[in-house]
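J.: Let me begin by handing over the structure; questions about it come next.
The values are calculated or read from the model by the stated rules, or taken from the named source; none is laboratory data. Everything numeric here is computed off the predicted structure, so don't read it as measured data. Methodologically, a virtual Cβ is constructed for each residue, glycine included, from the backbone with ideal geometry; neighbour enumeration extends over all protein chains shown.
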Amino acid sequence: MKPTRPSRYARHRFPAEVISHAVWLYFRFPLSLRMVEEMLAARGIEVSHETVRQWALKFGQSFANQIRHRLPAPGDKWHLDEVVINISGKRHWLWRAVDQHGVVLDILVQSRRNAKAAKRLLRKLLKRQGVTPRVMITDKLASYAAAKRTVMPGVEHRQHRGLNNRAENSHQPTRRRERIMKRFKSAGQAQRFLSVHDQVVNLFRRPAHTNSADHRKARALAFTTWAEVTGLGAGF
């Protein structure tokens, strides 16, 4: 008996396996849309880079939302950092929060680097995570302290540049993608892409201090989760 095609892929000419694989390639690795097109062509799958872009837009956020729900609860120590990104010749700020394990909790692209922008990030984090951290670690930007007093008054706040390497290192995959994509075209595009990209990175992230056997087990579990969120976990 032929397996039922997931409804989300209805009216698409290509099989669900091809669509989910293309989306995975695009968000998992530092590849351009044309690179993904060529990798699929090497397997005999003729699809345009524009089609891959449309698949990423249509399915990416849905996959990311499901990944988020399947990840373990966040740690109780949050690292926050902001980095400048240039979009159409203008400076924007990518605000990012990760826990002590390096899992990206959330990102927010904003045009300002002030207390109001920091408050927006903290409120978004609290709403999305549903919990308050025990400790918040940031650099010495005064905006964090001002925002924390309003949004998280009871949370311990540590401000020291040397303590925040966890958050600073989490920007590196973004920088790689930014170069491949020849910079983001708009703040909205950056927000949409990174909201998906960081969750895929979370899913396939190699835990620190693991041996090869543990890494293979974690990777197998990640692929199982990916199959579930894309609707290919049963019957394919």
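J.: Of these, Ser195, Ser186, Ser143, which one is touching a residue at least 40 places away in the same chain (Cβ under 8 Å), touching a helix residue (DSSP H, G or I) at 6+ places or on another chain (Cβ under 7 Å) and closer than 23 Å to Lys90 by Cβ?
T.: Values: Ser186 fails: touching a helix residue (DSSP H, G or I) at 6+ places or on another chain (Cβ under 7 Å); Ser143 fails: touching a residue at least 40 places away in the same chain (Cβ under 8 Å).
Result of the check over Ser195, Ser186, Ser143: Ser195.
J.: Another one. Name the one entry in Ala41, Ala22 that is of a type in the set (Gly, Ala, Ser) and within 22 Å of the chain's Cα centre (by Cα). Break it down into steps so the answer makes sense when it comes.
T.: Values: Ala41 fails: within 22 Å of the chain's Cα centre (by Cα).
Every option except Ala22 fails the conditions.
J.: Pick from Ala220, Ala146, Ala234: which is outside the structural domain of Arg113 (by TED's automatic domain parsing), of a type outside the set (D, E, K, R), at pLDDT 90 or above and surrounded by fewer than 16 Cβ atoms within 10 Å (Cβ to Cβ)?
T.: Answer to the selection: Ala220.
J.: For region 42-52, does any single residue satisfy the condition of being touching a Pro at 6+ places or on another chain (Cβ under 8 Å) and at negative phi? I'd like the intermediate steps shown before the answer.
T.: So the first thing to find is which residues in region 42-52 are touching a Pro at 6+ places or on another chain (Cβ under 8 Å), and the list is none.
No, that holds for no residue.
J.: If the requirement is being in contact with a strand residue (DSSP E or B) (Cβ under 6 Å, 6 or more places away or on another chain), outside the structural domain of Leu25 (by TED's automatic domain parsing) and in a strand (DSSP E or B), which of these qualifies: Leu105, Leu125, Leu194?
T.: Numbers: Leu125 fails: in a strand (DSSP E or B); Leu194 fails: in a strand (DSSP E or B).
On inspection, the qualifying residue turns out to be Leu105.
J.: Filter region 174-191 down to the residues that are of a type in the set (D, E, K, R) and not in a loop (DSSP other than H, G, I, E, B), then identify the one that is surrounded by the fewest Cβ atoms within 10 Å (Cβ to Cβ). Give the steps one after another, and end with the answer.
T.: Narrowing region 174-191 to residues of a type in the set (D, E, K, R): 175-179, 182-183, 185.
Those still in the list that are not in a loop (DSSP other than H, G, I, E, B) too: 175-179.
Numbers: Arg175: 13, Arg176: 12, Arg177: 20, Glu178: 20, Arg179: 10.
That would be Arg179.
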